[in-house]
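The values are calculated or read from the model by the stated rules, or taken from the named source; none is laboratory data. Remember, predicted model here, so these are calculated numbers, not experimental data. All Cβ positions, even for glycine, are placed from backbone atoms using ideal geometry, and neighbour counts span all protein chains on display.
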Amino acid sequence: MSTQEKTPAVRIRGLDKTFVQSGFGSRRRVKALDSIDLDIGRGEIVALVGESGSGKSTLARCLARLESPDRGTMEVLGEDVLRTQRRRASREYRSEVQMVFQDPFGSLNPTQRIEHVLTRSLQLHGKAGDDLRSQLVDLVESVGLPAEVLGSFPHELSGGQRQRIAIARVLAVEPEVMLADEPTSMLDVSVRIGVLNLLARLRDERGIAILYVTHDLASARYLADRIIVMHRGTLVEGGESLALLDAPQHPYTQMLVGAVPDPAREAPFDPEERARYRAEIETWAGSPSERVLIDDESGHWVWKPKETAQDD
Ligand code: ADP
Ligand code: MG
């Protein structure tokens, strides 16, 4: 294997981001990202999971260069992007890293036909060829839509179709990395699986590395090669999806896993159990911690209190 093949698609080290929030005469500092280290391999799907407010979007937005971190490094394909891409989200950078947002309507201009939207993406990134029409047809067909949608306006399409167009627009650019921030959370349950399958196909057929941001563990399990769990700006546990979900180590992960509806469990999630998890999470968060490798083979690791590590 050459060095180039071994360079991950994304390599993040020590990323910090603090927001200052003001309101009612008070100012509050929120550490949205706290010493984040994260690698995404080429052609790998990594799911970033955690409750609302844990910092998932901030991490994706930093990687998309929509937000500037306070500290740390981000490499894409071995290139230090904070140094070489000083301007936020240049066109050159966009051709390597593309983002799909939660709201499939907000990201499309309502006055432009789909044909126009996709043509513009191809042209902006110098991908428009002599046979533009067949390029456009290929694009919509590759996301499972008929050629007729090219003549439609965004409002004439369903949420699921619009999200597929947003993905087709990413494909027009042929990026190495795709950031998908809750791409299915505003879609009907019935069409979610189709969008997830489409993301899996992009990984398999085009080798695109994907950061899949979600609060939904079930979809992460379905789609991702690896799952990374985020709690209050910190990555607390990670590993191969199935290995991690079979034996979650961090109380926060255990709580999230316990909250997934399980037909086998008669009673709904027990509030007392939840309170116990919350208390344990606070204890873990307040202790001097270290990163412990649980399983070498699956790469399963957890960020846990030092004392606990010596106990067992
Ligand atoms: P998630 O995507 O996991 O829900 P976010 O990254 O959106 O989490 O937010 C993480 C924290 O950072 C939250 O406390 C949020 O209120 C805060 N935050 C995010 N963006 C901003 C911003 N532009 N200004 C101030 N605070 C922000
Ligand atoms: Mg978010």
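Screening Arg83 on (1) under 20 Å from the mean Cα position of the chain (by Cα); (2) farther than 30 Å from Val302 by Cβ shows it passes everything except condition (1). Checking Pro154, Pro104, Pro69 one by one, the residue that is surrounded by 19 or more Cβ atoms within 10 Å (Cβ to Cβ) and either hydroxyl-bearing (Ser, Thr, Tyr) or modelled with pLDDT under 90 (or both) is Pro104 and no other. Applying the selection to the range 202-225, what residues are touching an Asp or Glu at 6+ places or on another chain (Cβ under 6 Å) and more than 16 Å from ligand 2 (Cβ to nearest atom)? Scanning the range 202-225 gives Ala209, Asp225. Within the range 200-216, being more than 14 Å from ligand 1 (Cβ to nearest atom), of a type in the set (A, V, I, L, M, F, W, C) and touching a strand residue (DSSP E or B) at 6+ places or on another chain (Cβ under 6 Å) holds for Ile208, Ala209, Ile210. A single entry from Met74, Met99 fulfils the requirement of being within 16 Å of ligand 2 (Cβ to nearest atom), surrounded by 14 or more Cβ atoms within 10 Å (Cβ to Cβ), within 28 Å of Tyr222 (Cα to Cα) and among the aliphatic types (A, V, I, L, M): Met99. A residue that is at pLDDT 95 or above and among the basic types (Lys, Arg) can be found somewhere in the range 213-223.
Would you be able to say whether some residue in the range 34-42 is small (Gly, Ala, Ser) and under 20 Å from the mean Cα position of the chain (by Cα)? Quick ask: steps written out before the conclusion?
Let us first name the residues in the range 34-42 that are small (Gly, Ala, Ser), namely 35, 41.
Those still in the list that are under 20 Å from the mean Cα position of the chain (by Cα) too: 35, 41.
Checking the range 34-42: at least one residue is small (Gly, Ala, Ser) and under 20 Å from the mean Cα position of the chain (by Cα).
Among the residues of the range 131-138, some residue qualifies, meaning at least one is outside any helix (DSSP H, G or I) and either in contact (Cβ under 8 Å) with a residue 12 or more places away in the chain or assigned by TED's automatic domain parsing to the domain that holds Asp216 (or both). Taking residues in the range 13-30 that are within 16 Å of ligand 2 (Cβ to nearest atom), and partners anywhere that are among the aromatic types (Phe, Trp, Tyr), the pairs with Cβ atoms closer than 7 Å and at least 6 places apart or on different chains are Val30/Phe19. Evaluating Glu67 against the criteria (1) within 16 Å of ligand 2 (Cβ to nearest atom); (2) in contact with an Asp or Glu (Cβ under 9 Å, 6 or more places away or on another chain) leaves one unmet condition, (2).
Of note, Gln163 satisfies the criterion of being out of contact with any Phe, Trp or Tyr (no Cβ under 9 Å at 6 or more places or on another chain), under 26 Å from Cys62 (Cβ atoms) and assigned to a helix (DSSP H, G or I). Listed here are the strands (runs of 3 or more DSSP E) enclosed by the range 166-255 that have at least 1 residues being charged (D, E, K, R), more than 17 Å from the chain's Cα centre (by Cα) and more than 18 Å from Thr58 (Cβ to Cβ), and there are none.
Scanning the range 201-259 for residues that are on the phi > 0 side of the Ramachandran plot and surrounded by 24 or more Cβ atoms within 10 Å (Cβ to Cβ) yields one hit, Gly239.
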